[in-house]
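Here the structure is laid out as structure tokens; the discussion comes afterwards.
The values are calculated or read from the model by the stated rules, or taken from the named source; none is laboratory data. Values in this document were obtained by computation on a predicted structure and should not be read as measured data. Positions of Cβ are backbone-derived with ideal geometry, glycine not excepted, and every protein chain shown enters the neighbour counts.
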């Protein structure tokens, strides 16, 4: 393969971000400032920043399913109940804490109830927690002191809703300002009001002070006005009831009667929707930018229709509807609301739906401002989209009839409905401005972007296949003609019916209308149908010049066709395909085919775990890439065809050099088959989607790595030159500090050897009989000036040098100098400084420090002692053996060497030698 333009090879892709499951069912909670959200994924609760979708932390309880959770209004604690019936209280981490930590519960109360807990609520002062269980018991828990204060029984079944209310009686508030009421609802359709004051518990024995009857089905929503005067309740009977909580009734005689709470039903509002969530809105809240009179009682409801409805509590009129009703006849499109939360600080109502999606309903604009896809299921295909000049959207097919469209610059997504079966494949065309999709409903659709509504809309449908459409491919070039509007030429679809159809797109307007997203404005005409393979067609691809078509099938072959597309003078279009060649050689089915972007080659990936490169001239295999441990599912060219990227069932993304057939990088972030692969237009990012429901963005860090390596090499050369300069100038102090900074123990060892060799001491070794400990004043000064981390590093080098007989003398010399020049406290502090700073234990993660970093001074000493003793034993043995040599020499030649031997024997080892210190 040639190297066009002299492009540099890419060598490094790193994980930039991921789109992981956000919500797999269960309750949700939002912080009062609207900046973070808590959702449930399996048996963990996740705190996510809404601005960029970054995961802040995970709350790990006991491994059981989470049944209910809530945040305190102060955002200081998270409370959740699990299937084990335990109560867990977590501390919310502050912004200064590191991200992606697993947080354990600060307090756990096992078996808080005797039955599953499905609802819980914290009072506005973040002091009391109320929880209701399936056996009809409601308990109140003191979050500050950590004990239960009340237990209310008598409900006729599962507790379905809870609400706190400050006592509306002014006289009671004056005598006991902290008095609270707890309002409960259960499946017996009754609403009960309990007084939480101590006096009420002694007088009534924790019986309800009032029981409200009015609903004929389960009440699912309760809320009270801030002044405590009005209660709004909504249930599955499709009605909302408004109660006056200030009504009193005298019990007894007029002179000795006692005024008891007797709420009065003042209004019944039929909302014609099964209410699952309800809340009262602030009086000064704006609806669509208009301020409604502050005297009106307004509330919202959400339920079976999947929309948020805003009502006037005085006259019962519907003020506004936000959202679009789902297609209740299609299970895939059901979007019933199961929970809704009103956030006044951002004028938004956040709703959780039965399909695990979370919608943000803006009250200012009266529309959906953001949507979060909670769970994508198995990712089968992805594609970058470029409605503008850059790749701004990502389309995802995820085992669903709904196509997910993610906005890359924002934490937002949209669902495209239109297909009635699971979407199997996606393809982009016309520079990323057109999206094609094929599905199990035997149809293919064409989608374009509307700049007016900022949504993708279906503009064409292709019908005619007898089986599922598993592969689509669009023409890459724009049709030129008299009209100024851009139009695509054609589209190919491959099906399980083993045929390829060519569709005429010349009459399809790519300007999306402002109608409903499911509106189809055109039905495409089939230009030709070709019986292509003997088994299912898995992949199609059109060459960059729109002249060739490639198909891959389970019959183990890839076929290449010539595309003939002609437009007559009358405006009619004729198109067909002719078989040019068959690529045979794979031992299993071909999952993917891709044309080269710069040369006449075709890449195929197969179930035989290989990638093959085929020549388009003679259709022979020119290269084979082996390295994946399982079926190769996707492949694509990058870097002007000089490199390949591939994904496989082994969950790996591999980067290949085409010229030498070498895998130069392997990326791993998935736990299952990677079905989806997409490369951005500028090739700076790669996206992979797998069966583990995770989408990973890989960013090209080749240039950054190259610059970083260049800088490191430059710095290393500069430091080495400085080190040599210091040695030549005998500036040992700076040389030692620089060698420690470069972490080069070999150069440091040579330096100390040179220092000892330079000492003129004919009758002693290095350091003896000198005013300096080491024999050089600069070296002594350097050892005195070492910082704590440098001192610890030098001691590690001394420990290593001491293990070898050739360098142990230098190690003993340096160790002797350190013991003379530094105090024992300095040595202890050197290793204390390497210990990690203690932090609150909020995670089970093991610190990333190595074993050397957490080793104390005692470990160094224990490593030095045995080798030092061994070296001393060896020196003593050599001295003893030298006396034998002296004796032999003395007895030779009648003692002619006796005088010299006597002189040498008097030269004993100085007691100040480091080895004897």
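If you go through region 201-234 and keep only what is under 14 Å from residue 263 (Cα atoms), touching a strand residue (DSSP E or B) at 6+ places or on another chain (Cβ under 6 Å) and either part of a strand (DSSP E or B) or at pLDDT 95 or above (or both), you end up with 210, 211, 212, 224, 231, 232, 233.
Listed by position, the strands (runs of 3 or more DSSP E) inside region 573-620 whose residues that are closer than 22 Å to residue 474 by Cβ and in contact (Cβ under 8 Å) with a residue 60 or more places away in the chain number at least 3 are 573-584. Taking the condition in contact (Cβ under 8 Å) with a residue 60 or more places away in the chain and assigned to a loop (DSSP other than H, G, I, E, B), does residue 63 pass? Spelling it out, it is not the case that residue 63 is in contact (Cβ under 8 Å) with a residue 60 or more places away in the chain and assigned to a loop (DSSP other than H, G, I, E, B).
For residue 573, are the conditions met, namely being under 24 Å from residue 658 (Cα atoms) and assigned by TED's automatic domain parsing to the domain that holds residue 497? No: the conditions fail for residue 573.
In region 867-878, which residues are without any contact (Cβ under 8 Å) to a residue 60 or more places away in the chain and surrounded by 11 or more Cβ atoms within 10 Å (Cβ to Cβ)? Scanning region 867-878 gives 870, 872, 875. Among the criteria (1) crowded, with 20+ Cβ neighbours inside 10 Å; (2) within 25 Å of residue 389 (Cβ to Cβ), the one residue 635 does not fulfil is (2).
Conditions tested, residue by residue: (1) surrounded by fewer than 17 Cβ atoms within 10 Å (Cβ to Cβ); (2) closer than 17 Å to residue 539 by Cα; (3) in contact (Cβ under 8 Å) with a residue 12 or more places away in the chain; (4) assigned by TED's automatic domain parsing to the domain that holds residue 572.
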position: 438; (1), (2), (3), (4): no, yes, yes, yes
position: 448; (1), (2), (3), (4): no, no, yes, yes
position: 459; (1), (2), (3), (4): no, no, yes, yes
position: 466; (1), (2), (3), (4): yes, no, yes, yes
position: 475; (1), (2), (3), (4): no, yes, yes, yes
position: 479; (1), (2), (3), (4): no, no, yes, yes
position: 489; (1), (2), (3), (4): no, no, yes, yes
position: 498; (1), (2), (3), (4): no, yes, yes, yes
position: 509; (1), (2), (3), (4): yes, no, yes, yes
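Within region 32-49, restricting attention to residues that are touching a residue at least 60 places away in the same chain (Cβ under 8 Å) and in contact with a strand residue (DSSP E or B) (Cβ under 6 Å, 6 or more places away or on another chain), the residue that is farthest from residue 90 (Cα to Cα) is 34. Looking at 633, 653, just one residue is assigned to a strand (DSSP E or B), assigned by TED's automatic domain parsing to the domain that holds residue 670 and more than 19 Å from residue 541 (Cα to Cα), and that residue is 653. Criterion first (closer than 20 Å to residue 687 by Cβ, out of contact with any strand residue (DSSP E or B) (no Cβ under 9 Å at 6 or more places or on another chain) and either assigned by TED's automatic domain parsing to the domain that holds residue 691 or free of Cβ contacts under 8 Å to residues at least 12 places away in the same chain (or both)) does residue 639 satisfy it? So residue 639 fits the description; yes. Selection of first residues in region 712-733 that are more than 19 Å from residue 790 (Cβ to Cβ) and of second residues that are in a helix (DSSP H, G or I), restricted to Cβ pairs under 8 Å at least 6 apart or on distinct chains, gives the following pairs, ordered by first then second residue: 730/778. Residues satisfying the criterion are present in region 50-59 (criterion: under 24 Å from residue 123 (Cα atoms), crowded, with 20+ Cβ neighbours inside 10 Å and under 20 Å from the mean Cα position of the chain (by Cα)).
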